[in-house]
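Sending over a structure as structure tokens; questions will come in a sec.
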Amino acid sequence: MNTILRKSILGIAGLAFTGGVFAGPVAAHAADTTASVKPVTATVQSDKLIPHGVQGNQSRIDLNDEQTANVKAIIAATKKAGMDERAAVVSIATALQESKLENLGHLGDRNDHDSQGLFQQRPSSGWGTVEQITDPEYSTTAFLKGLKQVDGWQDMPLTKAAQTVQVSAYPDHYAQWEQQAADLVAEHWNK
């Protein structure tokens, strides 16, 4: 057996072993804590919220009060703009990717150019002033205005619709937040 093939097989076997070692205790611990983790699932509205199904592995974070308030602000702005639940899912997934739903100010050296707010919009790119883009209602309305200009956004996978508005260096990263965004819309849309 040649060296490259042998190293590949050994590497795969090592990953499988490592995965088993780590998955065992993690799975056992997760089973003990299911009472504290109660994800809301979009069931009845799933066709409306996730019409194309989710793409790829999904990420999920626990939200604090500020992040939950930002979810509610995004939903309120979406309703005010006369757009539906799917627009809110796209908006929330985008904000989850861009800022983890935190209304970020200037981050100094860690800043991506002059990006700020929930959607990491840039004053220098015409999204508005710093004060405007760090206002959740304004920044959501600006994002939705861009989304409305995307022909057929309702029929696109979430990541393509978000990317067309945001023009991110990492266009596929939006997809990982679709399920959590749909769950949040299902939970908060009618409140």
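If you count only protein heavy atoms with a 1.4 Å probe, what accessible area per residue comes out for region 101-191, rounded to a whole Å²? Walk me through the numbers on the way to the answer.
Numbers: 4540 Å² over 91 residues.
Each residue of region 101-191 exposes 50 Å² on average to a 1.4 Å probe.
Here is a further query. Rounded to the nearest 0.05, what FRET efficiency do GLU187 and SER125 have when you use their Cβ-Cβ distance and R0 = 41 Å?
0.80
A further question on this structure: List the GluC sites (Glu not before Pro) within region 98-180 that fall in a DSSP loop (any state other than H, G, I, E or B) and whose Cβ has at most 16 other Cβ atoms within 10 Å.
Numbers: sites: GLU98, GLU102, GLU131, GLU137, GLU178; in loops: GLU102.
Qualifying residues, ordered by number: GLU102.
Then there's this: Could you put SER139, SER124 in order of accessible surface area, largest first, with the 1.4 Å probe and the full protein assembly present?
Details: SER139 0, SER124 80 Å².
Per-residue accessible area, sorted high to low, gives SER124, SER139.
Search the structure for amide H atoms under 5 Å from the amide H of LEU104, placed 1.01 Å from N in the peptide plane, and list their residues when 5 or more places away or on another chain.
Long-range HN contacts for LEU104: GLY117, LEU118.
The values are calculated or read from the model by the stated rules, or taken from the named source; none is laboratory data. Fair warning: this is a prediction, and the values are worked out from it, not measured in the lab. Neighbour counts are summed over all protein chains in view; Cβ atoms, including those assigned to glycine, are modelled from backbone coordinates with ideal geometry. Quick note on the areas: whole protein, heavy atoms, side chains included, nothing else; ligands and nucleic acids left out. Shrake-Rupley method; radii C 1.70, N 1.55, O 1.52, S 1.80 Å.
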